[in-house]
Amino acid sequence: MSIQRSIFYTFLAQAPTLVLYFVASTLMTNVLGDEGRGAFALLQNLVVYLMMILGFNFGLGLMYHTARSGGDQRVAVGMATSAFLLNIVVVPLVLSAIVLFDGPRGIFFPGKLAHGTYYAYVLISVLMGQVITFIAAIVQGMKLFHILNRMSILTAALSCSGFGMVWLLRDGIPPAHVLPLALGITLFGVCAQAVIWAVIYVRRIGLPPLPTRDWSVIKPFMSFALVGYFVNIINLVNYRFDIWVVDQYAGTAKLGLYAVAVGVGQLFFNMPEPLSRVVQPYLYADENDSMMRRFKVIARLNFTSVALLCAFTAIIAPWLLPWLFGEAFAGSVTALRVLLPGIVFACAYKLLAVVLTQRGLLRFNLYGAITAAITTVALDLVLIPRMGILGAAAASTIAYLAILTVTCLVIRLRLKVPVADLFLLRPSDLGSLRSMFQKQPSAP
């Protein structure tokens, strides 16, 4: 399937996916309230951290090697199997270390979250999440975007259906059971996705999941994956560090307000997803100039559309957030407005970083991530104790600008691409986009 058709269908899938996720998030927040929403954010934060730290960036490595090999999945399957078998042992050990010591447990499982039910939730979520990530990465490298698109819609539909049911029955649910029920719905969705992805693996890939022992295969794979791994680990500081600082200095209720601002803002993180998902395997497999020209148009579309939607959201936020989540969340409005420029910067970086990877400049993504992480930690520790969630939002926006600035400097100085070519849509782009989306594609 051509890149135009792939983007066309992925955009078609993105619209219902975003709507369903938005409805699910709104219903969940209404059911949980500010304190429950904060507790939910803490647990999800830990799941994301453990998946990233113990996943070794294999998702990108699996997709990259599958795309570069023309769809050959043998190396990817062997490496994914090795990583998963390792994590079956390592994830329980890491969680045990957190739970057995008062300091880490107080940070990651504070108060009522220090319970076996929540430990099990994190453990199962991480392992099932890795199954999903590894198989989806191989499927992406094979350019089977119709599978990815359908699974995106299904995932959002599961979440929306589950939280919709809880919202309808909310009056009969004891308050103490609301958070466990919300987590149970989320965990059910993750497990259901993992089962479906396993079926897809059997039908589309079908290779025996045997671990790789050949060092000549492992070494180049790890050399590529580990640089991106450190980038992602450091970026997690940029995206998640403020959650724990807000909780420590402002409390779980304020964290709930901040989580809503972050959640609404991060809905826009999904906008570059159709573009990034499709562009990556094509870029990695094709290095000619025509591909780069198309990428510039896509980058301009990405930045312009996200910027316009974020500006519109900032205008209507004082009415939108209380209407969606209740008056208790009116305190999220200013934090969201401060955060939205950072969301625009982060969405631009998410797509532009793909070019540095394709051109063998992944180390510069690492340098940018380090710059942003230092900025995040310093500003969070200075601003959050003084300004609360507004300080957290300001620190995030400045950090996102820092990493985008480093990326743009590398693109300009090393790749000799004018930065002005990457942001605002031009009248000449309209014809390219019209031909892309008006083209009559065959069914995927």
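The values are calculated or read from the model by the stated rules, or taken from the named source; none is laboratory data. Predicted model only: the values in this text are computed from it and were never measured. We place every Cβ from the backbone using ideal geometry, glycine too, and count neighbours over all the protein chains shown. Just the protein is used for accessible areas: all its heavy atoms, side chains included, with ligands, DNA and RNA removed. Shrake-Rupley method; radii C 1.70, N 1.55, O 1.52, S 1.80 Å.
Taking the condition modelled with pLDDT of 90 or more, assigned to a helix (DSSP H, G or I) and in contact with a Phe, Trp or Tyr (Cβ under 9 Å, 6 or more places away or on another chain), does Ile316 pass? No; evaluated as a whole, the condition is false for this residue.
Among residues of segment 155-167 that are within 8 Å of Ala24 (Cβ to Cβ), those with a Cβ under 9 angstrom from a residue that is crowded, with 19+ Cβ neighbours inside 10 Å and of a type in the set (Phe, Trp, Tyr), sequence gap 6+ or separate chain, pair up as Ala156/Tyr21; Ser159/Tyr21; Cys160/Tyr21. For segment 157-173, does any single residue satisfy the condition of being closer than 23 Å to Ala39 by Cβ and part of a loop (DSSP other than H, G, I, E, B)? Yes; the residues of segment 157-173 include at least one that is closer than 23 Å to Ala39 by Cβ and part of a loop (DSSP other than H, G, I, E, B). Only residues that are of a type outside the set (A, V, I, L, M, F, W, C), part of a helix (DSSP H, G or I) and at pLDDT 90 or above were counted across segment 387-421, and they come to 7. The set of residues in segment 1-25 that are touching a Pro at 6+ places or on another chain (Cβ under 9 Å) and either outside any helix (DSSP H, G or I) or modelled with pLDDT of 80 or more (or both) comprises Met1, Ser2. Only a single item in (1) of a type in the set (A, V, I, L, M, F, W, C); (2) under 18 Å from the mean Cα position of the chain (by Cα); (3) modelled with pLDDT of 90 or more is not met by Leu336, and it is number (2).
Candidates Gly184, Gly189: the one that is at pLDDT 90 or above, in contact with a Gly (Cβ under 8 Å, 6 or more places away or on another chain) and not in a loop (DSSP other than H, G, I, E, B) is Gly189. Pairs linking a residue in segment 193-221 that is touching a residue at least 24 places away in the same chain (Cβ under 8 Å) to a residue that is surrounded by 11 or more Cβ atoms within 10 Å (Cβ to Cβ) and small (Gly, Ala, Ser), with Cβ atoms under 6 Å and 6 or more positions apart or on different chains, are Pro211/Ser82; Thr212/Gly78; Thr212/Ser82; Phe221/Gly61. Does Ala176 satisfy the criteria of being open to solvent by less than 50 Å² (accessible area, probe 1.4 Å) and either polar (S, T, N, Q) or closer than 29 Å to Phe40 by Cβ (or both)? Judged against the criteria, Ala176 is not a match. Only a single item in (1) out of contact with any Lys or Arg (no Cβ under 9 Å at 6 or more places or on another chain); (2) modelled with pLDDT under 85; (3) open to solvent by 40 Å² or more (accessible area, probe 1.4 Å) is not met by Gln44, and it is number (2). At least 1 residues being modelled with pLDDT of 80 or more and more than 22 Å from the chain's Cα centre (by Cα) is the threshold, and among the helices (runs of 4 or more DSSP H) wholly inside segment 215-302 those reaching it are 215-250, 252-266. Residues in segment 338-395 that are β-branched (Val, Ile, Thr) and either over 18 Å from Gln266 (Cβ atoms) or open to solvent by less than 10 Å² (accessible area, probe 1.4 Å) (or both): Ile343, Val354, Val355, Thr357, Ile370, Thr371, Ile374, Thr375, Thr376, Val377, Val382, Ile384.
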